[in-house]
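The values are calculated or read from the model by the stated rules, or taken from the named source; none is laboratory data. Since the structure is predicted, the reported quantities are computational estimates derived from the model, not experimental observations. FYI the Cβ positions are ideal-geometry reconstructions off the backbone, even for glycines, and counts take in every protein chain you see. Ligands, DNA and RNA are excluded from the accessible area calculation, which covers all protein heavy atoms including side chains. Shrake-Rupley method; radii C 1.70, N 1.55, O 1.52, S 1.80 Å.
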Amino acid sequence: MNGKTGPASYGRLSIGLHWLMLLLIAAVYATIELKGNFAKGSEPRELLKHWHFMLGLTVFALVWLRLLARWLRPAPNAVAGAAWEQALAKAMHLALYGLMIGLPLLGWLTLSAADKPIPFFGLELPALVAPNPDRAGQLKELHEVLAQAGYWLIGLHAAAALFHQYVRRDGTLQRMLPHRRQA
């Protein structure tokens, strides 16, 4: 543990955004996985793709608010643990933030390079790059590979939280749970 003193738990905004982002990311993954159940060009498939794009871009927008909240109220100090555990936890959080920024950005770039509209709740966002079918294919492939890595990172993050809660019993998970006010 480092010598700095910090808050005992995360702030309400950080906690709320954490759980909202979990729901959004689960919805992003669900929409793209479910689209495979429908024929190409069908209305349900296109609707799921549309929602995948919009929810992914919502994650992209909210991650910046989440980073601002973390800057305004830094994360609580790490619980006691070996230096390698703390380094691994920091690396995991950086990787998760990288995915929350990188995957939506790659999706936006892919749609731009494919010369497709970028829908965002009734708006159409501008293309970030000029149309280029070859680049679109490369970006899509990278997006998919990183999304697969995301499954593992999210799973490891959840497993670590459960490990801290039920094996170590060190209160790590409690710091990210909403707290009820005592009467």
Residues of region 75-84 that turn out to be over 21 Å from residue 177 (Cβ atoms) and either among the charged types (D, E, K, R) or over 26 Å from the mean Cα position of the chain (by Cα) (or both), as a count: 1
Check on residue 151, of a type in the set (Ser, Thr, Tyr), out of contact with any helix residue (DSSP H, G or I) (no Cβ under 7 Å at 6 or more places or on another chain) and under 26 Å from residue 48 (Cβ atoms): yes
Some residue of region 52-70 being among the small types (Gly, Ala, Ser), open to solvent by 30 Å² or more (accessible area, probe 1.4 Å) and modelled with pLDDT of 95 or more: yes
Whichever residue in region 3-40 is part of a loop (DSSP other than H, G, I, E, B) and open to solvent by 60 Å² or more (accessible area, probe 1.4 Å) and, among such residues, is nearest to residue 108 (Cα to Cα): 40
Boolean, residue 174 is more than 22 Å from residue 16 (Cβ to Cβ) and either open to solvent by 50 Å² or more (accessible area, probe 1.4 Å) or of a type in the set (Lys, Arg) (or both): no
Which numbered condition residue 101 fails, given (1) of a type outside the set (Asp, Glu); (2) over 18 Å from residue 76 (Cβ atoms); (3) free of Cβ contacts under 8 Å to residues at least 40 places away in the same chain; (4) surrounded by fewer than 16 Cβ atoms within 10 Å (Cβ to Cβ): (3)
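Residue-wise test of (1) under 30 Å from residue 174 (Cβ atoms); (2) of a type outside the set (A, V, I, L, M, F, W, C); (3) in contact with a Lys or Arg (Cβ under 8 Å, 6 or more places away or on another chain); (4) not in a helix (DSSP H, G or I).
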{"residue": "51", "(1), (2), (3), (4)": "no, no, no, no"}
{"residue": "57", "(1), (2), (3), (4)": "no, no, no, no"}
{"residue": "62", "(1), (2), (3), (4)": "yes, no, no, no"}
{"residue": "88", "(1), (2), (3), (4)": "yes, no, no, no"}
{"residue": "93", "(1), (2), (3), (4)": "yes, yes, no, no"}
{"residue": "116", "(1), (2), (3), (4)": "no, yes, no, yes"}
{"residue": "148", "(1), (2), (3), (4)": "no, yes, no, no"}
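Mind checking whether some residue in region 130-140 is in contact with a His (Cβ under 8 Å, 6 or more places away or on another chain) and assigned to a helix (DSSP H, G or I)?
There is no residue in region 130-140 that is in contact with a His (Cβ under 8 Å, 6 or more places away or on another chain) and assigned to a helix (DSSP H, G or I).
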